[in-house]
Amino acid sequence: MSRRSREAATPPGAARPTVTVCRGCCCGTPKVPRLDHAAQLTDLRASLANVASVRRTDCLDACEHANVVVIQPSAEGRRAGGRPVWLGLVNDPDAAADITAWVKDGGPGLADPPEILDLYTFAPSRRVRREFED
């Protein structure tokens, strides 16, 4: 296999943390007033452009925690014991800034999150969590 083929076969984001932002049925809608959902996603993408993959998804099936953001570790972070971290009620710019700072420091497995993010952390159902554990 050529070097180019190996690079193409590598899953995107594997070398970097992945930030998944829910924008489905409840997240990213007027259910969470006074938040510019589009701006939040744009800001995360801009501030983490060279650090992490930031992706939008339709629904993470954790609507009671809207807005939901999942931080998946990089390959190095996973080897160090990092696992996906689910954050809910990410409804203000300060929370997004804390997420950005943590991911820039390395994210799950490589850096401790700011203590304030403990207030946002939740455990999704096993069925939902399984999709991010693989």
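The values are calculated or read from the model by the stated rules, or taken from the named source; none is laboratory data. As the structure is a prediction and not an experimental result, all values here were calculated from the model. Here Cβ is always computed from backbone atoms with ideal geometry, including for glycine, and neighbour counts include all displayed protein chains.
Out of curiosity, is residue 60 at pLDDT below 95 and of a type outside the set (D, E, K, R)? Talk me through it step by step, then tell me what you get.
Numbers: at pLDDT below 95: yes; of a type outside the set (D, E, K, R): yes.
In short, yes.
Looking at 101, 95, 123, 62, can you tell me which residue is farther than 22 Å from residue 39 by Cα and not polar (S, T, N, Q)? Steps first, answer last, please.
Values: 101 fails: farther than 22 Å from residue 39 by Cα; 95 fails: farther than 22 Å from residue 39 by Cα; 62 fails: farther than 22 Å from residue 39 by Cα.
Just one listed residue meets the conditions, 123.
Looking at 101, 95, 46, 39, which is the one that is free of Cβ contacts under 8 Å to residues at least 40 places away in the same chain, assigned to a helix (DSSP H, G or I) and buried (at least 16 other Cβ atoms within 10 Å of the Cβ)? Before the answer, list the steps.
Values: 101 fails: buried (at least 16 other Cβ atoms within 10 Å of the Cβ); 46 fails: buried (at least 16 other Cβ atoms within 10 Å of the Cβ); 39 fails: buried (at least 16 other Cβ atoms within 10 Å of the Cβ).
Among 101, 95, 46, 39, only 95 is free of Cβ contacts under 8 Å to residues at least 40 places away in the same chain, assigned to a helix (DSSP H, G or I) and buried (at least 16 other Cβ atoms within 10 Å of the Cβ).
Of a type in the set (A, V, I, L, M, F, W, C), modelled with pLDDT of 95 or more and under 16 Å from residue 26 (Cα atoms): is that true of residue 70 in this structure? I'd like the intermediate steps shown before the answer.
Details: of a type in the set (A, V, I, L, M, F, W, C): yes; modelled with pLDDT of 95 or more: yes; under 16 Å from residue 26 (Cα atoms): yes.
When the stated conditions are applied, residue 70 passes them.
For segment 113-134, which residues satisfy the criterion of being modelled with pLDDT of 80 or more and part of a helix (DSSP H, G or I)?
The answer is 115, 116, 117, 118, 119.
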